[in-house]
Structures are given as C-alpha cells and as structure tokens.
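Take a look at the structure set out below.
The values are calculated or read from the model by the stated rules, or taken from the named source; none is laboratory data. Just so you know, these numbers come straight off a predicted model, no measurement behind them. For neighbour counting, all protein chains shown are included, and Cβ atoms are generated from backbone atoms with ideal geometry for every residue, glycine included.
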Amino acid sequence: MTRLSAVLGAGALVGALALAGCSSDDGGASGQGSTGGGDRTLVVFAAASLTGTFQAIAHQFEQDHAGVTVKLSFAGSSDLVAQIQEGAPADVFASADEPTMKKLTDAGLAAGDPVPFATNVLTIVTPPDDPAGITSFQDLAKPDAKVVVCAPQVPCGHATTEVEAATGVTLKPVSEESQVTDVLAKVTSGEADAGLVYVTDAKGALAKDANALKQIDFPEAAEAVNTYPVVAVEGSKHAELASEFVAAVTSGAGRTVLQDAGFGAP
Amino acid sequence: MAPRLPWWLVTVAAVGIAFVVAPVVVMATRGDWAHFWSLVTSAESLDALRLSLVTSAVSTAVCVVVGVPVAVVLARTRFPGRSVVRALVLLPLVLPPVVCGLALLYAFGRRGPIGHLLDDAGVSIAFTTTAVVISHVYVSLPFLVLTLEGALKVRGTGPELTAASLGAGPSRTFWLVTLPSVAPALAGGTLLAFARSLGEFGATLTFAGSLQGVTRTLPLEIYLQRETDPDAAVALSMLLVVVAVLVVALVHSAGGTRGFRRGLAGGVAA
C-alpha cells in the first residue's frame, strides 16, 4: 500500500514537472496560427507607449516575412532593460527614452548603435469639463488645481521637471505616478483636475473616446522632447531578422504609423 | 511521537519551502549591503516606512472594529442570502488589488456616489492618507473576517447558550464568552490583516496616488526606486522583509496567541 502511494506520488510529481516544462517552453508562441516549415519567432520588447503602433508595425512585418511570428512584450522601458539583463530572450528593444537605452548599451547588450525613430512631447490633459479652468502650463500652478504628474524618476516625469525648469513654474502635484497611464487614468476618472502626459497618450485616449478628456497643448513642451531609440539585442538567435525589424520601424511605412499616433519625427 | 510521513510528501514539502524561501535569499545576495544603511535612511525611505507603519496600524484597528462584528454575524446568524453576502464580503481576497482600487475609485472618487456626497460636505478623500487607509482596510478586512469566522464556526455555540441560560445578556455573552473563546483566531486574523496592509500596493496605487509622505507607502516607494536605483529598491525590499519578520516574531515572543488569549480573558474578567 505504501509502495503504491509512493509510486503514485512520484508519478504526480514528475507529471507536474513535465507539464511545467512544456508550458514554459511554448511561452505563447504556438497557437498563433503560423504554418509551414522554418517558422521563426522574433521577440520584440517595446515601451508601453508604443503598444498600438508596434502592433501595427509587427502585423505588417509578419505579412512581409512568411513564416515569421513577432511576439511583442510591452512594459515600462526600465522593466524591459532589467528583464533583458536577467536573460529574457529579446531580439529587439525599443525604449521610450535615451537614458534607458543607455543602460542596455552600457551593459553591452545592444548589437550596434540604437537608432532614434520617434519623438514625443508632453501635453496637458484635463477632464472634459476642465473643472479647474486650465488653459496654459502656468495655470497648473493654481493653488486649488489638483495636478497629477509622473515621478521625476521615470521618463515622463523627467520631461516634466525639464519643462518646469525652462518655464520657471513650480508645480505642487497631489500625486507623482510611476507610469504615464496612471496619470491619464487619474484625469479621465475625474479624480484629478489636470495631468501631464505625452501627446500620444492623449491622442490614444481621444481616439477611443472623443469625450474622455480635453487636450491642451502648450508651447513650452518643446523644451523637453523625448527621443525613442530602437536596437537589435546582442546575442539574438535571429540577428538578421532583428535588424530587418529595426529597419521596418524606421522605414517610411513605420514612420507613417507612428505619425498617425501622434509621434514626431526624430 | 509523530507518525512517519511518506517520503514523497516530505520531498514535495521541501521543494515548496525552498520555492518560497529561495527568491528572498537570492534577492538578499543581490543587495548593495555596503550602502544599505544610507539607502534605507534617506528622507524618502523613512517617509515611506513611517507612512506604511502608520496606515497599516490604523487600517488594522479599523479592520478589528468592523471585522469582528462582520465575522460574528456571518458565523452566528441565519438569514436569506447569507452565503451570498459572505462571498461578497470575501471578494477583495480573490480580486486583483488593482480591481479593488478601481472599485474604490468609482465609489469614493470625486465623481463617485459616496465621494460626491463627501465632497459636498467639504471632505475630499482623493490623494490623501485617508485614501491609503481605505484601500488597506478594503483588501485586509477579509483576512480578519475569514480567520475569525472559521474559528467561531469550529467553536460552536454551546458556551454562548450556557451563558444565556445562566442569565447573561447578548452583550455580556459576547464580551465574556464569544470574544475570549476566539482570541487566538482574532490575534492571527489581526496579524494577517496588518501584514496584508503593509504589503498593499495595487489598490493604493490605483485609488490613492503616490506622493512622498502622503500616499507613497513602502511598496510604492520600492516600485518607484526600481526605475532608477535597483540597489535602493532591493535595500527597501529587505527592510520590508525585516519589518514583516519582526511583526511575526513580536507576536510569537509575546507568548504567542495563547498569551494574547489569556491577557484578553483576564482583562475582561477583571
């Protein structure tokens, strides 16, 4: 009896390990309907703000390269660099700013020089009814206005402090978020009177719902232009394919997709 | 003498324990220990630690005050839809914290029904420490309720019925019989609620925001520091581990839950 339960127990353990092994191997690449021999999977790590545009570019890339599946992983740029440093199998990395890309190049994990492919600037967003009456960057310093910004540690917050320095206006935010999407959410929910986000974030939210928020562009935003670089990752198993993807991002077609989303040319 | 256990059970248990312990140990080895002290005593870190301890203590107190009646009602009364109410009360336990935060935002936010009423009364919760406490209570309450309710059910109603038959009123029975009998579970539930508060992240971030000294608790500070200074993030993580271990150790060194029960029973009897 004990012998039997021992065998059953060991069998269950081996089975569980085998299952765990299988599922981690697939990682979601299968089941995407790719057919034929010589299938290749290109893994692209991209900043969260690139979600919509990179999905479109990757879709076109798959059309142009038979048998190639592009797997996209979106997160904060710093997160993605940390993941690559810990051995995540990325072939291409697109960062939301140059300092974060520098972390990757400093670690010797970039194959070649990063290519700038887009720019982004800040804009003011308020709830549609603009409860605090914001019309300019200076208005954000109104004592009663509840303003939410990104924390200085993250790219959008760094841009915010640059604009503050350039304008001499000191903001007293009620919250400093770690992600630009959290700033956007605080404004669209009406919790905050105003927020500073990227033009592309505002445009994306307005594309989904024209009454989501009010976008107020301000000239001083030009003081802090964020540049997005992309690079093939060192040690990629598909080095050639990776550089082709980088070329697709910087191509005319790629630029059109990015411009439609509100990104500027580098 | 303890009965002999099957070898495979012990093996899986060892794997399970290693799985829980190993990541924390590995993280400790990655820390910049030479600068640990300066990293955890920066103004930002101390503000975050202070805020975390205060909000967790306050929310734990609220959890006890509100959670004990909830647990007793769920365990001791029968009414239509009781099981549904019970499931709903325990919902924050299984919901992702960010969903809890969204729910709180829609209810207590400036444009939510409750938040709107409060706003009219001149009370603004958004982006305040109160919002942090509300998030903590929301996610921690089920831990206390579940622990206490389970104990009450196992305990049965015999002693209460005896007390009532001897002439004790409902309040007297509650204070002198019901509560002392589940004191260990109350202590355990309180500890769990405090620990859950200390680690709360998602609901706080979604509902309360993140500002140094006001809403940025230790987990939020760790999340932010990780963007630019992974060493500081690891140091703060280890600080949180130390605080958590201290909390557990404190409860055990204070005579464990049995001492707590005796103290409570003695205090009430005296």
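Overview of results
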{"quantity": "Failed criterion for residue A:259 (all others in (1) without any contact (Cβ under 8 Å) to a residue 12 or more places away in the chain; (2) over 22 Å from residue A:98 (Cβ atoms) hold)", "calculated": "(2)"}
{"quantity": "Given (1) outside the structural domain of residue A:252 (by TED's automatic domain parsing); (2) modelled with pLDDT of 95 or more; (3) not small (Gly, Ala, Ser), index of the condition residue A:115 fails", "calculated": "(1)"}
{"quantity": "Boolean, residue B:171 is surrounded by fewer than 19 Cβ atoms within 10 Å (Cβ to Cβ) and in a helix (DSSP H, G or I)", "calculated": "yes"}
{"quantity": "Residue satisfying all of: in the range A:135-147; farther than 17 Å from residue A:199 by Cβ and not in a helix (DSSP H, G or I); farthest from the other protein chains (Cβ to nearest Cβ) among these", "calculated": "A:135"}
{"quantity": "Residues within the range B:197-228 that are more than 24 Å from residue A:189 (Cα to Cα), hydroxyl-bearing (Ser, Thr, Tyr) and more than 7 Å from every other protein chain (Cβ to nearest Cβ), tallied", "calculated": "1"}
{"quantity": "The listed residue being crowded, with 17+ Cβ neighbours inside 10 Å and out of contact with any Lys or Arg (no Cβ under 6 Å at 6 or more places or on another chain), out of A:225, A:197, A:174, A:169", "calculated": "A:197"}
{"quantity": "Breaking point among (1) within 20 Å of the chain's Cα centre (by Cα); (2) in contact (Cβ under 8 Å) with a residue 40 or more places away in the chain, for residue B:95", "calculated": "(2)"}
{"quantity": "Filtered residue count, the range A:176-210, keeping only those that are more than 8 Å from every other protein chain (Cβ to nearest Cβ), of a type in the set (Gly, Ala, Ser) and assigned to a helix (DSSP H, G or I)", "calculated": "4"}
{"quantity": "Hits in the range B:44-73 - residues which are in contact (Cβ under 8 Å) with a residue 24 or more places away in the chain, closer than 30 Å to residue B:179 by Cβ and of a type in the set (Gly, Ala, Ser)", "calculated": "B:52, B:56, B:57, B:59, B:67, B:71"}
{"quantity": "Single residue of B:36, B:79 found to be more than 14 Å from chain A (Cβ to nearest Cβ), part of a loop (DSSP other than H, G, I, E, B) and more than 18 Å from residue B:133 (Cα to Cα)", "calculated": "B:79"}
{"quantity": "Residue check for residue A:173: farther than 23 Å from residue B:124 by Cα, in contact (Cβ under 8 Å) with a residue 24 or more places away in the chain and either out of contact with any Leu (no Cβ under 7 Å at 6 or more places or on another chain) or part of a loop (DSSP other than H, G, I, E, B) (or both)", "calculated": "no"}
{"quantity": "Which numbered condition residue B:227 misses (of (1) without any contact (Cβ under 8 Å) to a residue 24 or more places away in the chain; (2) outside any helix (DSSP H, G or I))", "calculated": "(2)"}
{"quantity": "Criterion: β-branched (Val, Ile, Thr), closer than 24 Å to residue B:245 by Cα and in a helix (DSSP H, G or I) - qualifying residue of B:10, B:85, B:26, B:72", "calculated": "B:26"}
{"quantity": "Residue count, the range B:116-144 (criterion: free of Cβ contacts under 8 Å to residues at least 24 places away in the same chain and either under 16 Å from residue A:175 (Cβ atoms) or polar (S, T, N, Q) (or both))", "calculated": "3"}
{"quantity": "Some residue of the range A:120-127 being of a type in the set (Ser, Thr, Tyr), surrounded by 24 or more Cβ atoms within 10 Å (Cβ to Cβ) and either touching a residue at least 60 places away in the same chain (Cβ under 8 Å) or at the interface with chain B (Cβ under 10 Å from one of its Cβ atoms) (or both)", "calculated": "yes"}
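Let's see how each residue does on (1) more than 28 Å from residue A:53 (Cα to Cα); (2) of a type outside the set (Val, Ile, Thr):
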site: A:115; (1), (2): no, no
site: A:122; (1), (2): no, yes
site: A:125; (1), (2): no, no
site: A:130; (1), (2): yes, yes
site: A:141; (1), (2): yes, yes
site: A:150; (1), (2): no, yes
site: A:155; (1), (2): no, yes
site: A:176; (1), (2): no, yes
site: A:187; (1), (2): no, no
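One line per residue, one yes/no per condition, for (1) in contact with a Gly (Cβ under 7 Å, 6 or more places away or on another chain); (2) within 14 Å of another protein chain (Cβ to nearest Cβ); (3) over 30 Å from residue B:157 (Cβ atoms):
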site	(1), (2), (3)
B:53	no, no, yes
B:57	no, no, yes
B:72	no, no, no
B:96	yes, no, yes
B:103	no, yes, yes
B:108	yes, yes, yes
B:117	no, no, yes
B:124	no, yes, yes
B:128	no, yes, yes
